Every structure is written in C-alpha cells, then in structure tokens.
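Inspection log for the structure reproduced underneath, given as structure tokens.
The values are calculated or read from the model by the stated rules, or taken from the named source; none is laboratory data. The shown structure was predicted, so the numbers you read here are calculated from the model rather than taken from an experiment. Note: ideal-geometry Cβ built from the backbone for every residue, glycine included; neighbour counts use all protein chains shown.
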Amino acid sequence: MSDIWITSEGLDIAFDEPEVQENIQVSFGEIKGKFISLDSRYNKLVFETSDVELAIKYIESTPTKATIAYLGFTHELSWCNHNYKIEATANDKLYVTIGDLDEK
C-alpha cells in the first residue's frame, strides 16, 4: 500500500490535528465567561457570557472581584466602586464590561 495521496487542485487534504485553542476564562462571582479585553484605564474588564439571565439579575448586586484564568495562570482584579455595562452580541450572548467609576 502506498502513502501517496493524489487530489485535485483545491481539494487538499489536511491530516494534521487542528490545534485546540484554550480560551481565557473569567469568573465574576457566579458568572463565568470568555475573556475579551482588559484596559488599564479605569481597570476595565470585558468578557462574554452565555448565561444571560444570571448576568442581568446578578449585575445589580455585583461582586467586587473578578478572576482571569489561562492554563495555570490566574490574575485577580478588584473594584471598590464600579460601573458596568451589558451589551448583546449577535449570537445571543452578552458582553459584560466592568470598570472603576470615572473620576471627574
């Protein structure tokens, strides 16, 4: 048996296993989600969650800490006074943004 494969142009066969991408996870109290961004200005964290009901109910009494986890690394953020914003995405998930209150 031969190890040679012949295909038509444009019908290439890939035998390599696709790389599994690890998502950076965020925990904000009971809300779990996928990391989107972290901005040093106002300590602003953005993450995506599919738990719409919990996010909308829970955000009113938001916790003061969040954890970002990737493989073995964790980073904790905290806020004394904070703002939040919830936005809908195109795939029935939410973007949650949390940051320190703007100083005026």
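The set of residues in the stretch 60-93 that are under 14 Å from Ile31 (Cβ atoms), surrounded by fewer than 11 Cβ atoms within 10 Å (Cβ to Cβ) and either among the hydroxyl-bearing types (Ser, Thr, Tyr) or modelled with pLDDT of 90 or more (or both) contains only Ser61. State yes or no: is Lys57 out of contact with any strand residue (DSSP E or B) (no Cβ under 8 Å at 6 or more places or on another chain), more than 14 Å from Val26 (Cβ to Cβ) and free of Cβ contacts under 8 Å to residues at least 40 places away in the same chain? Yes. Candidates Ile31, Ile98: the one that is surrounded by 15 or more Cβ atoms within 10 Å (Cβ to Cβ) and either modelled with pLDDT under 85 or in contact with a Ser or Thr (Cβ under 6 Å, 6 or more places away or on another chain) (or both) is Ile31. Mind listing just one residue for me: the one in the stretch 34-54 that is among the hydroxyl-bearing types (Ser, Thr, Tyr) and touching a residue at least 40 places away in the same chain (Cβ under 8 Å) and, of those, surrounded by the fewest Cβ atoms within 10 Å (Cβ to Cβ)? Across the stretch 34-54, the extreme among qualifying residues is Ser50.
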